[in-house]
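The values are calculated or read from the model by the stated rules, or taken from the named source; none is laboratory data. All of these numbers come straight from a predicted model, not from anything done at the bench. Every residue, glycine as well, gets a Cβ built from its backbone with ideal geometry; the counts of neighbours run over all protein chains shown.
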């Protein structure tokens, strides 16, 4: 018998073979020094200071005693922001004034957090070089947008790294991009389809009315522009740092290997969640990860897609996460149940687009299929009425095998999806990996009941136990073979994206895990082959293809 370390070493090898090696995002926080915009006027002791130089001098003074006198530093940054706004009003296209305003507002937000100041419950009196200002905020009627519920950290205070956040995508404009993190865990995160803690990117804008400084936190995924001092300007945004903070802080990140090995232990991590506030005017893009993976795998694509104003305007991103040790028909049945509930709370006014990677693509395929009783009869050679199952097992198999296509799904994108199976799952590495997964008791009992009535053909994958996720990825698995005999529901467009490792050898290609013959789909509206391994969903050419499809979808084509 192998030792525990040997078994886990094997699982590491299996994981690399099946999903590729990824790392979490990393973040480091620090207070940035002031860097004048290149070409801005420098201060000179022998000449009167220009407005830009005066603003810079106030910012530098505030930085010099940021920790020793935070309230004084806050006032100096407020005065610097007001000075920069005055210069912008006089010279609307002055890049130095815009740069200084944004930096000053960032430091205001940073001081509020570091010094635990509270301008949210009542106005805060702040001494400034020109007198006392009242710092307050713009109220929002939505309870979840109460700033007292969050800690705000300026995005420019983070240094980010990691495989999923290599590209730092921003939008220039007015305001200080900020990461809002919920102070408390969401008690109703499941019923409201949220992550356990809120992580969101907003943009802080400071406006001045008499002796009042009013901070507003604008949503850069909802607004492209804002009005400041009577002038409409592009709203600044950072599309990378908020996701990086979410991933590095836990966010939707979950223990990938453990969720595959011990799915019952992590049953509660099966969730459908929104990455942004629900907007009935935007179509939902639902992303579904693959074997031994998590929602974090989608970060590079979401960052890239959110950088496109047309996609920001028309789409919102949700994810489905699940313990990937489950057989994927069971994971699909859980998703259908959650979609039934979410339709009551957040009705879809526009058709949903589903993107599934790897085993997530297999789950997605079941969302656009009408099985009636056909799949049951193909698997058991009997009708449900003729099949003698205990009630619990019959319920489980009914939910997993008899279903209709989801009416809210209007388009589907398969990426590196082993729809006809992957031979790795049938080889020794796959068979050993399959034996290490601890199948939940309910599935074991149902599997034992199925074995009593199932009849196997010569080329079937013959098991003496209930199948798990790896088993349902084998080309020899009876479910895999039978589901491919049932056509996709007509009228729902779908697309495929595959990797060929840059060899250009399709149709004899493979991404190293899934061969072309398995991921290719007759009837697809388009097929895009990218120079990638199995992680094709993180390839820039795949980003471009998904963006193209989403824009095509928005045009009703």
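Looking only at residues of segment 395-417 that are touching a strand residue (DSSP E or B) at 6+ places or on another chain (Cβ under 9 Å) and not in a loop (DSSP other than H, G, I, E, B), we find that the one that is surrounded by the most Cβ atoms within 10 Å (Cβ to Cβ) is 415.
Kindly establish whether residue 447 is outside any loop (DSSP other than H, G, I, E, B) and free of Cβ contacts under 8 Å to residues at least 60 places away in the same chain. First the steps, then the outcome.
Values: outside any loop (DSSP other than H, G, I, E, B): yes; free of Cβ contacts under 8 Å to residues at least 60 places away in the same chain: yes.
Against the criterion (outside any loop (DSSP other than H, G, I, E, B) and free of Cβ contacts under 8 Å to residues at least 60 places away in the same chain), residue 447 qualifies.
Only one of the numbered conditions (1) more than 29 Å from the chain's Cα centre (by Cα); (2) at pLDDT 85 or above is not met by residue 457, and that is (2).
Going by the structure shown, is residue 258 out of contact with any helix residue (DSSP H, G or I) (no Cβ under 9 Å at 6 or more places or on another chain), surrounded by fewer than 18 Cβ atoms within 10 Å (Cβ to Cβ) and either farther than 23 Å from residue 25 by Cα or at pLDDT below 95 (or both)?
When the stated conditions are applied, residue 258 passes them.
Tell me the residue from 379, 366 that is in a helix (DSSP H, G or I), surrounded by fewer than 22 Cβ atoms within 10 Å (Cβ to Cβ) and touching a helix residue (DSSP H, G or I) at 6+ places or on another chain (Cβ under 9 Å), please. Selected residue: 379, the only one of 379, 366 that is in a helix (DSSP H, G or I), surrounded by fewer than 22 Cβ atoms within 10 Å (Cβ to Cβ) and touching a helix residue (DSSP H, G or I) at 6+ places or on another chain (Cβ under 9 Å). When segment 123-139 is filtered for residues that are touching a strand residue (DSSP E or B) at 6+ places or on another chain (Cβ under 8 Å) and exposed (fewer than 14 other Cβ atoms within 10 Å of the Cβ), the ones remaining, listed by number, are 125, 132, 138. Of the residues screened, residue 320 is one that is touching a helix residue (DSSP H, G or I) at 6+ places or on another chain (Cβ under 6 Å), in the same structural domain as residue 262 (by TED's automatic domain parsing) and not in a helix (DSSP H, G or I). Every condition in (1) over 19 Å from residue 188 (Cα atoms); (2) within 13 Å of the chain's Cα centre (by Cα) holds for residue 291 except the one numbered (2). Taking segment 1-96 as the region of interest, the helices (runs of 4 or more DSSP H) fully inside it that hold 3 or more residues being at negative phi, modelled with pLDDT under 90 and touching a helix residue (DSSP H, G or I) at 6+ places or on another chain (Cβ under 8 Å) are 4-19, 51-64.
Scanning segment 105-128 for residues that are assigned to a loop (DSSP other than H, G, I, E, B) and in contact with a helix residue (DSSP H, G or I) (Cβ under 9 Å, 6 or more places away or on another chain) yields 115, 117, 118, 119, 120, 121. Restricting attention to segment 293-317, the residues that are buried (at least 24 other Cβ atoms within 10 Å of the Cβ) and in a loop (DSSP other than H, G, I, E, B) add up to 1. Inspection of segment 260-270 identifies no residue that is under 14 Å from the mean Cα position of the chain (by Cα), in the same structural domain as residue 414 (by TED's automatic domain parsing), assigned to a loop (DSSP other than H, G, I, E, B) and touching a residue at least 24 places away in the same chain (Cβ under 8 Å). Selection within segment 382-394: residues that are in a helix (DSSP H, G or I) and in contact (Cβ under 8 Å) with a residue 12 or more places away in the chain. The member of this set that is nearest to residue 455 (Cα to Cα) is 384. Of the candidates 379, 367, 335, 375, the single residue that is in contact with a strand residue (DSSP E or B) (Cβ under 7 Å, 6 or more places away or on another chain), within 22 Å of residue 485 (Cα to Cα) and touching a residue at least 24 places away in the same chain (Cβ under 8 Å) is 367. Selection of segment 60-74 for residues being under 23 Å from residue 89 (Cα atoms) and crowded, with 24+ Cβ neighbours inside 10 Å yields only 74. Here residue 281 clears all of (1) in a loop (DSSP other than H, G, I, E, B); (2) surrounded by fewer than 24 Cβ atoms within 10 Å (Cβ to Cβ); (3) in contact with a strand residue (DSSP E or B) (Cβ under 7 Å, 6 or more places away or on another chain) except the condition numbered (3).
Just one of the listed residues (146, 211, 192, 151) is surrounded by fewer than 22 Cβ atoms within 10 Å (Cβ to Cβ) and more than 26 Å from residue 74 (Cβ to Cβ), and it is 192. Looking at 325, 356, just one residue is touching a helix residue (DSSP H, G or I) at 6+ places or on another chain (Cβ under 9 Å), crowded, with 23+ Cβ neighbours inside 10 Å and modelled with pLDDT under 95, and that residue is 325.
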